[in-house]
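The structure appears right after this line, and notes come after that.
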Amino acid sequence: MFEIEFTPEAIEDMRRFRKYEIRKITGDIETQLTFQPTWETRNRKKLRPNDIAEWELRTDRFRVFYDVNEEDRVVKIEAVGHKKGSRLFIHGKEYQL
């Protein structure tokens, strides 16, 4: 079982959403990333090298970016963004992966 940790930036990202959206995102994080966070699925994928994180979890229109330390069994949530059409917004700014 992996422990989930949020960076201060990810916590700040979560504050931008409504309460029911936060519950949905955190619920999906717990169910999807607690046991096999490096297992690629329809909603989880390894990303090309970028400045944010190594992995992405898709939950509705939201994107959770995270890194995994398998040795310490820790999933570190680096950022939480949302999509509008084909545009991705992280930390309140449009971002290209």
Cβ neighbours within 10 Å, averaged per peptide: list 83-89, 13-19, 54-60, 27-33 in order, most packed at the top.
54-60, 27-33, 13-19, 83-89
At a threshold of 8 angstrom on Cα-Cα distance, excluding pairs fewer than six apart, so keeping six or more, what relative contact order does segment 1-86 reach in percent?
34 percent
Listed residues 97, 7, 75: farthest to the positive end of the dipole of the chain (Cβ charges)
97
Can you tell me the FRET efficiency between residue 50 and residue 16 if r is taken as the Cβ-Cβ distance and R0 is 30 Å, rounded to the nearest 0.05?
0.90
Residues residue 31 and residue 86, FRET efficiency given R0 of 25 Å [Cβ-Cβ distance, rounded to 0.05]
0.40
Rounded to 10°, Cα long-axis angle of helix 19-33 versus longest principal axis of the chain
30 degrees
To check you understand DSSP bridge types, tell me what percent of the beta bridges within segment 3-95 (both residues inside) are antiparallel, rounded to 5.
85 percent
For the chain, the Cα convex hull volume per residue in Å³ comes to 98 Å³
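Read-outs throughout are calculated quantities, based only on the coordinates presented, and are distinct from any laboratory measurement. What you are looking at is a predicted structure, and each value in this text was computed from that prediction instead of being measured. Using ideal geometry, Cβ is built from the backbone for each residue, glycine included, and neighbour counts are taken over all protein chains shown.
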